[in-house]
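What follows is one structure encoded as C-alpha cells, with my remarks underneath.
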Amino acid sequence: NYYLKSDSLGDVKIRILDAGGGVARELDVEKSAGIHRVIWDLRLAPPPGVTGARGPHVLPGIYTVQLIAAGKQLSHALKVEADPLFPISDAERKARQSFLLAINKIQAASQNAAGAVRKLDGQMAVLSDQLKQATVSESLTRTFDSVQHSVREILGRIAGQRGMPGAE
C-alpha cells in the first residue's frame with residue numbers, strides 16, 4: 001500500500017530490486033492522490049514484446065521495494081519465502097529459473113523476428129502492386145514471386161501452419 005498526498009505530475013513507479021541491487025520488476029502504478037494498493041505477483045518482468053507472457057517467479061530471498069514519486073524514493077525490505085507446496089532444492093529452483101529466463105529470451109527474439117517478417121510481407125505487397133504497373137522482365141517477376149512465396153511460407157510457419165497462409 002502507498003499514499004500520495006496529491007496527484008503526481010510525473011510517473012509513479014514501484015521498483016523491486018533483488019539482493020544484488022538488480023531490477024527484478026518495475027511496475028507503473030496509480031499517480032492520483034489517495035491510498036493505493038499494489039499486488040506484485042512475485043514474478044520477474046515478462047519478455048518484452050510478447051503479449052500475455054509472464055516472467056518466471058523470483059527466487060526466495062530478500063528484495064527491496066522502492067516507491068518512486070515526485071522526485072522522492074522510499075524503500076522497504078521484503079522477504080520472499082519458498083513455496084512449501086513446491087518442494088524443490090534451491091539448486092533446482094535456480095536451474096528452473098535460468099531455463100525459464102532463456103525461454104523468455106527466445107520468445108522475445110521470435111516475436112521480434114515475426115514482426116520483421118510481417119513488415120517485410122507488407123512491403124512486398126506494395127512492391128508487387130508496383131511491379132504490376134511497371135514494365136519489367138519476366139525473370140524479375142518470377143524471382144520476386146518466389147521470394148514473396150518464401151516470405152509467406154515463413155509467415156505460415158510462424159503462425160503454426162504447414163504451408164502457405166490460407167492454403168488448405
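How many of the residues in region 78-104 are surrounded by 15 or more Cβ atoms within 10 Å (Cβ to Cβ), without any contact (Cβ under 8 Å) to a residue 40 or more places away in the chain and within 19 Å of residue 17 (Cβ to Cβ)?
Selection size over region 78-104: 1.
Could you say which residue among 6, 75 is loosely packed, with under 11 Cβ neighbours inside 10 Å and over 30 Å from residue 111 (Cα atoms)?
Values: 75 fails: loosely packed, with under 11 Cβ neighbours inside 10 Å.
Just a single option satisfies the conditions, and that option is 6.
Could you grab me the full set of residues in region 59-72 that are of a type in the set (A, V, I, L, M), without any contact (Cβ under 8 Å) to a residue 60 or more places away in the chain and surrounded by 12 or more Cβ atoms within 10 Å (Cβ to Cβ)? If you could, list the steps in order and put the result at the bottom.
Step one: list which residues in region 59-72 are of a type in the set (A, V, I, L, M), which gives 59, 62, 65, 67-70.
Those still in the list that are without any contact (Cβ under 8 Å) to a residue 60 or more places away in the chain too: 59, 62, 65, 68.
Passing the criteria: 59, 65, 68.
Does at least one position in region 134-142 carry a residue that is among the acidic types (Asp, Glu) and either under 21 Å from residue 14 (Cβ atoms) or surrounded by 12 or more Cβ atoms within 10 Å (Cβ to Cβ) (or both)? Break it down stepwise before answering.
Taking region 134-142 as the starting set, the residues that turn out to be among the acidic types (Asp, Glu) are 138.
Still in the running and either under 21 Å from residue 14 (Cβ atoms) or surrounded by 12 or more Cβ atoms within 10 Å (Cβ to Cβ) (or both): none.
No: region 134-142 contains no residue that is among the acidic types (Asp, Glu) and either under 21 Å from residue 14 (Cβ atoms) or surrounded by 12 or more Cβ atoms within 10 Å (Cβ to Cβ) (or both).
Taking region 18-63 as the region of interest, how many residues are within 20 Å of the chain's Cα centre (by Cα), assigned to a strand (DSSP E or B) and closer than 26 Å to residue 99 by Cβ?
Here the count works out to 7.
Here, each number is a calculation from the coordinates, and none is a lab measurement. All values reported here derive from a predicted model rather than from experimental measurement. Neighbour counts are summed over all protein chains in view; Cβ atoms, including those assigned to glycine, are modelled from backbone coordinates with ideal geometry.
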